[in-house]
Amino acid sequence: MASETILGADMDALLLRSLQGYVRDTFGPAIWQAVCRRSSLAVETFEPMLRYDAGMADRVAEHAADVLGRPVETIWEDMGTYLVTNPGQEGARRLLRFGGTSYADFLHSLEEMPGRARLALPDLDLPVITLREIGADQFEIWCKSQLRGILRVLVGMLTAMADDYGTLCLITPDGGDRITVRILDSFHGSGRRFDLALPER
C-alpha cells in the first residue's frame with residue numbers, strides 16, 4: 001500500500017502529482033481510478049509537499065502503462081509534454097522559457113534549472129543535469145536520478161519546448177542517462193508567444 005511520511009518536497013511526490021494530473025486530464029478520472037486500484041494505492045490524490053515511498057512514481061507509472069496499453073516510456077514522455085503544454089501548468093513553461101530567447105539558449109540553461117527550482121522548493125531533490133556541446137547545433141544532455149522515469153519526462157519536455165520555440169530538432173534518448181539533441185532548423189515555425197511579465201488578471 002502507498003505510504004506518506006514527513007512533510008517535504010521530493011521528486012516522487014512531484015512526479016506522482018504530475019502523473020495524476022496527466023492521466024486524469026487526458027484520459028479521465030475513471031482511468032486514473034483504475035490505475036490506483038491496479039497499484040493498490042490507499043489514496044487517489046497525491047500532494048507535492050508530502051514524501052512517498054522511494055521509487056513509488058516509477059511503480060505507479062508501470063501500472064498506468066498496463067492500464068493504458070502503452071509503453072511506460074511513452075507515458076513519461078507524454079507527461080513531460082503535458083507539463084509544458086497544458087494551460088494549467090503555465091508555471092513550468094515560464095520557468096523553462098526564462099532560459100533564453102532561442103532553443104539553443106534554453107538548452108544551455110538546463111544546468112541552472114535545478115538551482116532555479118530550489119528557490120521555490122528548497123528541499124527538492126532534483127536530478128543532476130549536465131550539458132555538453134558536441135558539434136554545431138548538437139548537444140548531449142546527461143540526467144542523473146534515482147527515478148527511472150525522469151529521463152523520459154525530460155525528453156517530453158524538451159520536445160514540447162522545441163515546439164514552443166518553433167525549432168525543428170531530433171531528440172534521442174540512449175536508454176541510459178543520456179539524451180542527444182540535434183537542432184535541424186532554429187526557425188522552423190513561429191513558436192508560441194512568451195512575455196516576461198505575467199498577464200494581468
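With respect to the conditions (1) part of a helix (DSSP H, G or I); (2) modelled with pLDDT of 95 or more, R70 lacks only one, and its number is (1). The number of residues in region 96-113 being buried (at least 16 other Cβ atoms within 10 Å of the Cβ) and over 23 Å from L184 (Cβ atoms) comes to 1.
Among G100, G80, G115, which is the only one that is assigned to a helix (DSSP H, G or I) and free of Cβ contacts under 8 Å to residues at least 40 places away in the same chain?
Working: G100 fails: assigned to a helix (DSSP H, G or I); G80 fails: free of Cβ contacts under 8 Å to residues at least 40 places away in the same chain.
Result: G115 is the single residue among G100, G80, G115 that is assigned to a helix (DSSP H, G or I) and free of Cβ contacts under 8 Å to residues at least 40 places away in the same chain.
Matching residues to (1) over 20 Å from the mean Cα position of the chain (by Cα); (2) at pLDDT 90 or above; (3) over 21 Å from N86 (Cα atoms):
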site: L16; (1), (2), (3): no, yes, no
site: Y22; (1), (2), (3): no, yes, no
site: W32; (1), (2), (3): no, yes, no
site: S40; (1), (2), (3): yes, yes, yes
site: L50; (1), (2), (3): no, no, yes
site: G55; (1), (2), (3): no, no, yes
site: A61; (1), (2), (3): no, yes, no
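Which of the residues that make up region 25-39 are under 10 Å from V60 (Cβ atoms) and exposed (fewer than 15 other Cβ atoms within 10 Å of the Cβ)? The answer is R38, and nothing else.
Of the listed requirements (1) surrounded by 19 or more Cβ atoms within 10 Å (Cβ to Cβ); (2) hydrophobic (A, V, I, L, M, F, W, C); (3) within 26 Å of D163 (Cα to Cα), L68 misses just one: (1).
Matching residues to (1) at pLDDT 90 or above; (2) touching a Gly at 6+ places or on another chain (Cβ under 8 Å):
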{"site": "W76", "(1), (2)": "yes, yes"}
{"site": "M79", "(1), (2)": "yes, yes"}
{"site": "S102", "(1), (2)": "yes, no"}
{"site": "R116", "(1), (2)": "no, no"}
{"site": "L124", "(1), (2)": "no, no"}
{"site": "I141", "(1), (2)": "yes, no"}
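Can you tell me which of A92, A54 is assigned to a helix (DSSP H, G or I), of a type in the set (A, V, I, L, M, F, W, C) and either at negative phi or touching a Ser or Thr at 6+ places or on another chain (Cβ under 9 Å) (or both)?
Details: A54 fails: assigned to a helix (DSSP H, G or I).
One residue alone meets the criteria, A92.
The values are calculated or read from the model by the stated rules, or taken from the named source; none is laboratory data. Given the structure is predicted, the values throughout are model-derived calculations rather than measurements. Don't worry about glycine lacking a Cβ; one is built from the backbone with ideal geometry, like all the others, and counts go over all protein chains shown.
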